[in-house]
1. How many residues are within 16 Å of the chain's Cα centre (by Cα) and over 22 Å from A:I91 (Cα atoms) when one looks only at the range A:8-41?
2. Take the residues in the range A:28-55 that are touching a Leu at 6+ places or on another chain (Cβ under 6 Å) and open to solvent by 10 Å² or more (accessible area, probe 1.4 Å), then tell me which one is farthest from B:A175 (Cα to Cα).
3. If you take the residues of the range B:70-124 that are in contact with a Ser or Thr (Cβ under 6 Å, 6 or more places away or on another chain) and acidic (D, E), which of them is modelled with the lowest pLDDT?
4. Can you give me the number of residues within the range B:1-44 that are free of Cβ contacts under 8 Å to residues at least 12 places away in the same chain and assigned to a strand (DSSP E or B)?
5. Would you tally the residues in the range A:78-105 being facing chain D (nearest Cβ under 9 Å), in a strand (DSSP E or B), open to solvent by 20 Å² or more (accessible area, probe 1.4 Å) and closer than 15 Å to A:V45 by Cα?
6. On the basis of being small (G, A, S) and within 13 Å of chain B (Cβ to nearest Cβ), does C:A176 make the cut?
7. Please go through the range D:106-136 and give me each residue that is within 30 Å of C:Q181 (Cα to Cα) and open to solvent by 20 Å² or more (accessible area, probe 1.4 Å), ordered by number.
8. Is it the case that C:L150 is within 29 Å of C:S34 (Cα to Cα), open to solvent by 10 Å² or more (accessible area, probe 1.4 Å) and in contact with a Leu (Cβ under 7 Å, 6 or more places away or on another chain)?
There are 4 protein chains.
Amino acid sequence: MKTVLVTGFDPFGGDIVNPALEAVKQLEGYASDSFRVEVRELPTVFGRSIEKLRGYMEELQPDLILCVGQAGGRTDMTVERVAINVNDARIPDNASQQPIDTEVVPGGPVAYWSTLPVKALVKEMTEQGIPASVSHTAGTFVCNHIFYGLMHQLAVTGSASRGGFIHIPYLPEQAARQAGQPSMALETIVKGLRISIDAAVRYEKDIVAVGGQIS
Amino acid sequence: MKTVLVTGFDPFGGDIVNPALEAVKQLEGYASDSFRVEVRELPTVFGRSIEKLRGYMEELQPDLILCVGQAGGRTDMTVERVAINVNDARIPDNASQQPIDTEVVPGGPVAYWSTLPVKALVKEMTEQGIPASVSHTAGTFVCNHIFYGLMHQLAVTGSASRGGFIHIPYLPEQAARQAGQPSMALETIVKGLRISIDAAVRYEKDIVAVGGQIS
Amino acid sequence: MKTVLVTGFDPFGGDIVNPALEAVKQLEGYASDSFRVEVRELPTVFGRSIEKLRGYMEELQPDLILCVGQAGGRTDMTVERVAINVNDARIPDNASQQPIDTEVVPGGPVAYWSTLPVKALVKEMTEQGIPASVSHTAGTFVCNHIFYGLMHQLAVTGSASRGGFIHIPYLPEQAARQAGQPSMALETIVKGLRISIDAAVRYEKDIVAVGGQIS
Amino acid sequence: MKTVLVTGFDPFGGDIVNPALEAVKQLEGYASDSFRVEVRELPTVFGRSIEKLRGYMEELQPDLILCVGQAGGRTDMTVERVAINVNDARIPDNASQQPIDTEVVPGGPVAYWSTLPVKALVKEMTEQGIPASVSHTAGTFVCNHIFYGLMHQLAVTGSASRGGFIHIPYLPEQAARQAGQPSMALETIVKGLRISIDAAVRYEKDIVAVGGQIS
């Protein structure tokens, strides 16, 4: 029986509720014959988020780790392919830190690949009616930070576990407060995340499928 | 007891199912103490769609008419404010007609306002978490055509009934087949339409609220 | 010899320079065997802008009137097809007025068509490498206001002169101050406006060309 | 006297002219007291483009290498920060190759940073009125390929030279053929590239400036 750790971020920027977190929480206890999901919350804070994540990884010894964050303005579920070793905050985090062009892990490699089967996740989601695509940038804020921290932790501990990051769109109630922004219903997001977890467990290696970007 | 006529368009451009129509069909029988909804299907065809609509209006004598169509690429529920007297098809309709710069009603006025309380509809939807805005163009294809035809019919018959048009976004399963397009879940759309019908019945006249566009 | 009146708006929203006005000013004295351009400035103010425009029309007795305004966020030169009888300001004008859902001309028709050959203007511009399209909404702020005021004035005076409105994108220096906005170089805009004037003089009636919008 | 090598790609996808290449060619001979630009053309072909680039680097021994490519759909000059070790072609290159998820350099690191002062380039361009931003993905086609190939070459040869990549938008004549795409005038692009070269020569190390992305 595999353990799947799924994380979401706590409320951010003055909000009391983080709707992205609500989506993630709905996965608590999601399970099949071969896996069971554990959900944990991370602070939207540079540094502390990675410490927390390491703690949960030690506690749960997960076989698969999926970190989830929100990417306001994106239209679909975006499976991140690569994490980069930079913190470059456009706005302060929840601890009022705003690092600019510092390293996530001093001396670490420039980047890590996701070890999730990103193309398979996109294929499974789109085939089941969930808009999804591969993304080649997770930004430079806490989302990329935790993604890099996760992949670095797996690399330095020589872990056989796999991990990655998925960005989700705004929820409708968020888009309703700011004209012109795309959104996705909670149910659609949760379904997409379930499909992703199923696929990540099932595909030991990625499929070969068109999904790159010209620029 | 008021009768509310809601229309949707039949499948278009080779599709077997028109997902927008599916949303509209879910309103069949939607009712309250003061109204009851009747749903009818219209062909995506210049001319014939208006004839059909006139037939349904005669049959049902509705107090309120809400025509619904799909606007692929839009992010939210858009309540159309104005219908214009032009047919200008970028692609052929379901009867292979492609009129260019002809009039919907020869000699008719340039435009008609919606007689729905458009600002009230937007306010009610956004307050209940449904992304929505006022739109000042319903395009120049069959959606604007039926909207103009509806308002003209109400005007020339001196009817006290009110009418208007709402554009809905792609559904997720449509967006899943074409990268980068925004979408909205069926449930969100149906909820938005229900709120719109409630508000259209309740508000005899529109509210004063910011909702214009600079350009 | 025909007289072409071209108008631009004065600086708006705290700016000292209105770059759109700069583009318009470069047309001063632009002429051919058959026409000569006169440029005038209009205040970004509901009401007063129309009074000013009427004054210039009396003074110059133009055969052709082209009003130009800026539509920040659009990617191309948009030739407006229809002006609607509504003032609905999202922000205050230069005289701190913010009308909501009032009429431009009380009791006036819902809308007026541009009497410029809009498809011909778009065809000529795009063939000469200037991104351009027909637009079916000029918004509900001062741009639509002056456009409606212009067309109403021509209509009520029974004038044989023709008129219309073109929206231009941000200039690069404006886009440089706000991430992600499209822009167009002054030279490209001026070239597009010159082509438009040439075409508006040359085409007495519009061409038949695909250029509508589905929604 | 420093030598600056600037490269552009040959016509692609059936076009006879590559407008992006035209922009780059205008930099030929651009010089100051401290540098002189040499322009070279690269084939839009996986593999061969890197061989060609290596040849030019050997021939010219440049102190600075700036590769330029086109990113249709972007609104501004985007200075790429990171090159990743993947070829993932959505369409075939000019030699009909369409690699999917192969490595640019087998066994190479996941990614390389640009060694241009990316924030300084953006600051200098935007201050001089050219829309510009830092980008965290150069895509997965030949643009990212040459960028990775360049940075790898500099790394493995232990070169003190610096290098990087800039994406430019469509030109207006390209956007005029496809509705709704943003563009930038040739003159604006060339000015932006000149400013970038000046800044790249002048700033030995990057500045600290806000310029990250949340996602």
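The values are calculated or read from the model by the stated rules, or taken from the named source; none is laboratory data. The shown structure was predicted, so the numbers you read here are calculated from the model rather than taken from an experiment. With ideal geometry, Cβ positions are generated from the backbone for all residues, glycine too; neighbour counts draw on all protein chains shown. Each accessible area value is taken on the protein alone, full model and side chains, heavy atoms only, with ligands, DNA and RNA left out. Shrake-Rupley method; radii C 1.70, N 1.55, O 1.52, S 1.80 Å.
1. The qualifying residues number 11.
2. Restricting to residues being touching a Leu at 6+ places or on another chain (Cβ under 6 Å) and open to solvent by 10 Å² or more (accessible area, probe 1.4 Å), the top hit is A:K52.
3. In this case the residue turns out to be B:D93.
4. Of the residues in that region, 1 qualify.
5. Residues that pass the stated criteria total 1.
6. Against the criterion (small (G, A, S) and within 13 Å of chain B (Cβ to nearest Cβ)), C:A176 does not qualify.
7. Passing the criteria: D:Y112, D:W113, D:T115, D:V122, D:K123, D:E124, D:T126, D:E127, D:Q128, D:S133.
8. Against the criterion (within 29 Å of C:S34 (Cα to Cα), open to solvent by 10 Å² or more (accessible area, probe 1.4 Å) and in contact with a Leu (Cβ under 7 Å, 6 or more places away or on another chain)), C:L150 does not qualify.
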